[in-house]
Amino acid sequence: MPDKHDLHSEFPEFKEQIHQLKQHNNHFAVLFSRYHEIDHEIHRIEQGAEVCSDDYLEQQKVQRLHLKDDLFTMLKAAEVTA
């Protein structure tokens, strides 16, 4: 079973910031949505529900990682201003 990579599992300590930013920061909300779309797609591929090339899967994993880094940066900044 592949690991869960949703943001609430990745950053449980930022549960409140995730909720606040999704509600009040459109850029965060867009990145959050994109992150979860890619994470869900990767999960389906790893479960065998979708077929793709290894290169495509790796490309999606890299994109997910970059989005997670961007979201984490925004969460840390929100923590400082909270």
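Counted over all Cα-Cα pairs of the chain, pairs farther apart than 19 Å make up 38 percent.
Multiplying the residue separation of Val51 and Val30 by 0.36 nm and removing their Cα-Cα distance gives an extension gain of 4.9 nm. Principal-axis analysis of the Cα atoms of the chain puts helix 15-24 at an angle of about 80° to the longest axis. Look at the alpha carbon pairs under 8 Å that are at least 6 residues apart: their mean separation over the length of the chain gives a relative contact order of 36 percent. Computed over the chain, the per-residue total of -39500 (n - 2.57) for DSSP H runs of n ≥ 4 gives a 222 nm mean residue ellipticity of -26000 deg cm²/dmol, rounded to 500.
Could you order Tyr56, Tyr35 by accessible surface area, starting with the largest, using a probe radius of 1.4 Å?
Tyr56, Tyr35
Summarise the accessible area of the chain (1.4 Å probe, protein heavy atoms) by the percent that is carbon and sulfur.
Within the chain, the accessible surface is 52 percent carbon and sulfur.
To test your reading of the geometry: what angle, between 0 and 90 degrees and rounded to tens, separates the Cα axis of helix 54-81 from the longest principal axis of the chain? Compared with the principal axis, the helix lies near 10 degrees. Ligands, DNA and RNA are left out, and with a 1.4 angstrom probe the accessible area of the chain is 67 Å² per residue.
The values are calculated or read from the model by the stated rules, or taken from the named source; none is laboratory data. Only a predicted model underlies this, so the values are computations on that prediction, with no experimental measurement involved. Quick note on the areas: whole protein, heavy atoms, side chains included, nothing else; ligands and nucleic acids left out. Shrake-Rupley method; radii C 1.70, N 1.55, O 1.52, S 1.80 Å.
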